[in-house]
Amino acid sequence: MKRIIVDCDPGHDDAVALVVAAHFGDLVGVTTVGGNAPLLDVTNNALLTCQIFGLDVEVHSGAERPLVAPPRNAPEVHGVTGFKGPALPDLERSVASTEAVNYLIETIRGEEGLWLAPTGPLTNIAMAFRQAPDLVNRVAGVSFMGGSASVGNHSAVAEFNILVDPEAASIVLGSGAPLYMAGLDLTHQFLVDDSLVSDLRAISGPGALVLADLAASYLDQVELRGGERNGGLHDPCAILAITHPNVIEHTERHVDVELDGSLTRGMTVVDQRRGSQGADPNVFHGHTIDHHQARALVLEAVAARSHSGS
Ligand code: BDR
Ligand code: CA
């Protein structure tokens, strides 16, 4: 089993990612970063997810704000606390530390071949790589949810995780670590919709019901903004790229992030030209997902873990 640290900002889809990582991988630890909601909220949500699904891992909270940019959250997507929707149990767990970056450095220095799966802004990962450049040669890879090769979701061209902290994304993209990208062009092939909500409810068990309520609330929010009742189930894609590489097709490409453009800041520029015209590839760009298989795997993970927590 692949050993994985998930760096996240739950967020409904981060919660699903944690369950998938714990079921199909060996979840070594969880770190949190301010993103979908402020750090305190997303950390509580990560702890709650571990509690509800009985995941026996440490949670370390990390960066409260991006390296340079002002903090930015997504209440219109996940609610003010990041976990809008379900009735949640009282939180019984607490953080192992508030030093996620130190945790990442020590853990990766202590064990070669770990996978990092960032599903929020890349602030913690960039700080760890900047403080300890040796880490990039010690990890098996960094499989991140972020960016897009086409349209954005928080600007015309920028995806939320990258737009929140473009400077951090730039550090990670330039780090030399093996990088696997699950951007919007991939994750929009794998949808949350009302039939997924029904399938989650049919599993029963407290964990599945919380995820069903989170997903239903996400669809309500999409509808309120004038959209159809579906949206990408983004973050689990970054986990499946590690645990089920056969489900996602990757192509090696050069990816960079725009830091300056007044209209395009936070855009990931994915060089899809054929041949060797551009800079050397630095990313395995995920572009096609078998969404039937991905959905079956997510439901399998949730069903297996739904009765394990409190
Ligand atoms: C990403 O942004 C967040 O809202 C989701 O959790 C996901 O990580 C999608 O753009
Ligand atoms: Ca996320």
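The values are calculated or read from the model by the stated rules, or taken from the named source; none is laboratory data. Because the structure is a prediction, the values reported are computed rather than measured. Positions of Cβ are generated from backbone atoms using ideal geometry, with glycine treated the same way; all protein chains shown enter the neighbour counts. Please note that ligands, DNA and RNA were not included when accessible areas were found on the heavy atoms of the full protein model with its side chains. Shrake-Rupley method; radii C 1.70, N 1.55, O 1.52, S 1.80 Å.
Below, the figures for the structure above:
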| quantity | calculated |
| --- | --- |
| Single match in Arg253, Arg273, Arg229 (criterion: within 20 Å of Ala15 (Cβ to Cβ) and more than 16 Å from ligand 1 (Cβ to nearest atom)) | Arg229 |
| Filtered residues of region 123-139 (kept if touching a residue at least 60 places away in the same chain (Cβ under 8 Å) and open to solvent by less than 40 Å² (accessible area, probe 1.4 Å)) | Thr123, Asn124, Ile125 |
| Residue count, region 14-33 (criterion: under 19 Å from Phe160 (Cβ atoms) and open to solvent by 10 Å² or more (accessible area, probe 1.4 Å)) | 1 |
| Residue list for region 87-122, filter: among the small types (Gly, Ala, Ser) and open to solvent by 10 Å² or more (accessible area, probe 1.4 Å) | Ala87, Ser94, Ala96, Ser97, Gly110, Gly113 |
| Filter result for Thr81 (farther than 29 Å from Ala140 by Cβ and among the hydroxyl-bearing types (Ser, Thr, Tyr)) | yes |
| Total residues in region 87-129, condition away from ligand 2 (no atom under 14 Å from the Cβ), among the β-branched types (Val, Ile, Thr), closer than 18 Å to Asp9 by Cβ and part of a helix (DSSP H, G or I) | 1 |
| Long-range neighbours under 7 Å by Cβ, at least six apart or interchain, first residue within 16 Å of ligand 2 (Cβ to nearest atom) within region 1-27, second aromatic (Phe, Trp, Tyr) | Ile4/Trp115; Pro10/Phe83; His12/Tyr218; Val19/Phe53 |
| Among the candidates Glu258, Glu228, residue that is at pLDDT 95 or above and either touching a Cys at 6+ places or on another chain (Cβ under 8 Å) or acidic (Asp, Glu) (or both) | Glu258 |
| Odd one out for Phe53, checked against (1) of a type outside the set (D, E, K, R); (2) crowded, with 24+ Cβ neighbours inside 10 Å; (3) within 16 Å of ligand 1 (Cβ to nearest atom) | (3) |
| Some residue of region 181-192 being of a type in the set (Ser, Thr, Tyr) and crowded, with 20+ Cβ neighbours inside 10 Å | yes |
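For every residue, the table says whether it meets (1) open to solvent by 40 Å² or more (accessible area, probe 1.4 Å); (2) over 17 Å from the mean Cα position of the chain (by Cα); (3) under 18 Å from His154 (Cα atoms).
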{"position": "His250", "(1), (2), (3)": "yes, yes, no"}
{"position": "Gly261", "(1), (2), (3)": "no, yes, yes"}
{"position": "Gly278", "(1), (2), (3)": "no, yes, no"}
{"position": "Thr288", "(1), (2), (3)": "yes, yes, no"}
{"position": "Ala304", "(1), (2), (3)": "yes, yes, no"}
